[in-house]
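Each reported figure results from applying straightforward, stated rules to the coordinates on display, with no laboratory input. Keep in mind that what you see is a predicted model, and the values were worked out from it rather than measured. For neighbour counting, all protein chains shown are included, and Cβ atoms are generated from backbone atoms with ideal geometry for every residue, glycine included.
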Amino acid sequence: MGGHAALADGLGTVEVEDETTSLPAMEDLQAEATELLQRLIRFNTVNPPGAERPAQEHLAGLLRDAGFAVELLGRTPERPNLVARLAGAGDGPTLCLLSHVDTVLATAENWEHDPWSGDLADGCVWGRGALDMKSQTAAEVTAALHLARAGWRPARGDLLVVVVVDEETGGAEGAEWLCAEHPDKVRCDLLLNEGGGPVIPYDGGRVYGVCVAEKGVFRFTLRTAGVAGHASMPRIGENALLKMAPLLRAMDERQPAFDLTDAPSALLERLGIAVDGDPGAALERLRARDSALADLVEPMLGVTLAPTRISASEQINVIPASAELQVDCRVPPGLGREHAERRVREVLGADGYRLRFFEEVVGNASPSDGPLMEAIVDWVGEQDTEARVVPTMLPAFTDSRTFRDAFPEVVAYGFCPHRHMTIYETWPLVHSADERIDVRDLGFAATFFRDVTVRLLG
Ligand SMILES: [Zn+2]
């Protein structure tokens, strides 16, 4: 592999096992990452309650034995976050390999293999967390272990491996707690986390998406008012539920105006789609070329509104005097409530309802160029010469948002490269039955984390 030659140059002090390479091949990393992932899946860390301690202790033992300074820090003893540091010889950037070890639940009867079996079958490791995101934990930790055991230490800066708890329910005991309570232990300059990486087939070639931006969430309630009455005589009252009909129709038929931010702008450009100040036209050109990709890109271009819950009368025979609709609204990074409200009112009009936001998280982003992006682009160029790297935006948010808020200087990307399973194969499996990862992608990702670490920290 091209990456090994480059690596060997940077590793003059490491003992060479044979003449051609000083570090193990991708296959060795793959075997160890596979074993570690199987082990991690067998720790049931469904959140709630999470109960991540045994998994974290397992990882802590491995990292400690390899030479890392390891701390387990938690708001409660049952749910410690893991912070492992390999200090460098000189000043330089701190690179943080971040992941979370909790998962969402799984309903075993819907699975082909038990979700906590970690079975190896059909070339895949099966189980809850195989993609989200114990696979990345396994790949990152395996990379770190291989480097440390080989005697490698950063020539400049520090390598941090951070494995948090409690991501799936918001991070109050995980990333948020850690960044608030122990900022000095997890402060970093460059960060790799979940959110991007599975290969995207496009235009006869392959594209790898690096997630540089994440949307915010502005969930709101719409309330309509009427007059109660006996449901046997509909005209006697004023039905608040029927007043929802035009609002629902508006959200079905109309879209908020586009809000084009840096990441999707750069994405379209690198996909060869000229924007020329008209994101709508650009989206249609992309749709003509690749409609599946256009569906992924569309939510990156502006505010989205998805009505998901409605309630009205508590009794079947009473005309409702009020009705309530909840809308999941996602807003491009950097834009706040005022902007969200303006876009909502553009779609719904100003009258006939009351609007109340009940959850507000502003999204954030990192610049889509710089040393971390260059390292990714170069690595992909060596491993998959036909492929391109593009910046992407996640329509949701991850712990990267918390780190960007806590440490404004950090460049945080979501990237865990998968070459064999495409984004169209992995996305439907996340939080779903039969979650699994191709073991070759585990080796691919572990090799990436190892090579990029050496490249950035020397
Ligand atoms: Zn996740």
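A viscosity of 1.567 mPa s and a temperature of 4 °C, combined with the Kirkwood radius over Cα pairs in Stokes-Einstein, give a translational diffusion coefficient for the chain of 55 µm²/s. Taking a ≥ b ≥ c as the square roots of the Cα gyration tensor eigenvalues, the stretch 407-458 comes out oblate, since a/c reaches at least 1.5 and a/b does not exceed b/c.
Among rounded, prolate and oblate, which fits the stretch 162-279 when a ≥ b ≥ c are the square roots of the eigenvalues of its C-alpha gyration tensor, a/c under 1.5 means rounded, and a/b larger than b/c means prolate? Oblate shape, in that a/c is at least 1.5 and b/c is the bigger or equal ratio. With each label modelled as a point 7 angstrom along the Cα→C-beta vector, the residue 278-residue 91 pair spans 5.2 nm. Once you have a ≥ b ≥ c as the square roots of the Cα gyration tensor eigenvalues for the stretch 152-215, tell me rounded if a/c is under 1.5, and otherwise prolate or oblate according to whether a/b is larger than b/c. Verdict is oblate for the stretch 152-215.
Could you state, as a whole-number percent, how many of the C-alpha pairs of the stretch 119-167 are farther apart than 17 Å? Value for the stretch 119-167 (Cα pairs over 17 Å): 49 percent.
Find the Cα radius of gyration of the stretch 103-147, compare it with 2.2 N^0.38 Å by division, and give the number to two decimals. Ratio of Cα Rg to 2.2 N^0.38 Å: 1.29.
Take the Cα of residue 269, step 7 Å along the line toward its Cβ, and report every residue of the stretch 353-377 whose backbone nitrogen sits under 19 Å from that point. Only 365-377 fall inside the zone, counting backbone N under 19 Å. Kirkwood hydrodynamic radius computed over the stretch 324-375 comes to 13.5 Å, based on all pairs of distinct alpha carbons. For the stretch 387-431, the Kirkwood hydrodynamic radius comes to 12.8 Å, computed from all pairs of different C-alpha atoms. Relative to its residue count, the stretch 91-179 spans a Cα convex hull of 109 Å³ per residue.
Both radii are taken from the alpha-carbon atoms of the stretch 261-390; with Rh as the Kirkwood radius, Rg/Rh is 1.12. Express in whole angstrom the spacing between the alpha-carbon centres of the stretch 154-179 and the stretch 323-364. Each part reduced to its Cα centre gives a spacing of 30 Å.
Neighbour counts of other C-beta atoms within 10 Å: give me 420, 230 arranged from fewest to most.
Numbers: 420 17, 230 11.
Ranking 420, 230 by Cβ neighbours within 10 Å, fewest first, gives 230, 420.
Here the scattering of the stretch 272-321 is modelled by Debye summation over its C-alpha atoms, one equal scatterer each and no solvent; at q = 0.26 Å⁻¹ the log10 of I(q)/I(0) is -1.01. One quarter of the surface of the convex hull around the alpha-carbon atoms of the stretch 75-117 equals 5.8 nm², the direction-averaged projected area. A Cα-only calculation for the stretch 321-458 places Rg and Dmax at 19.9, 67 Å.
Calculate log10 I(q)/I(0) of the stretch 207-263 for q = 0.23 Å⁻¹, where I(q) comes from the Debye formula with a single equal point scatterer on each Cα and nothing for solvent. After summing over all Cα pairs, the log10 values are -1.03.
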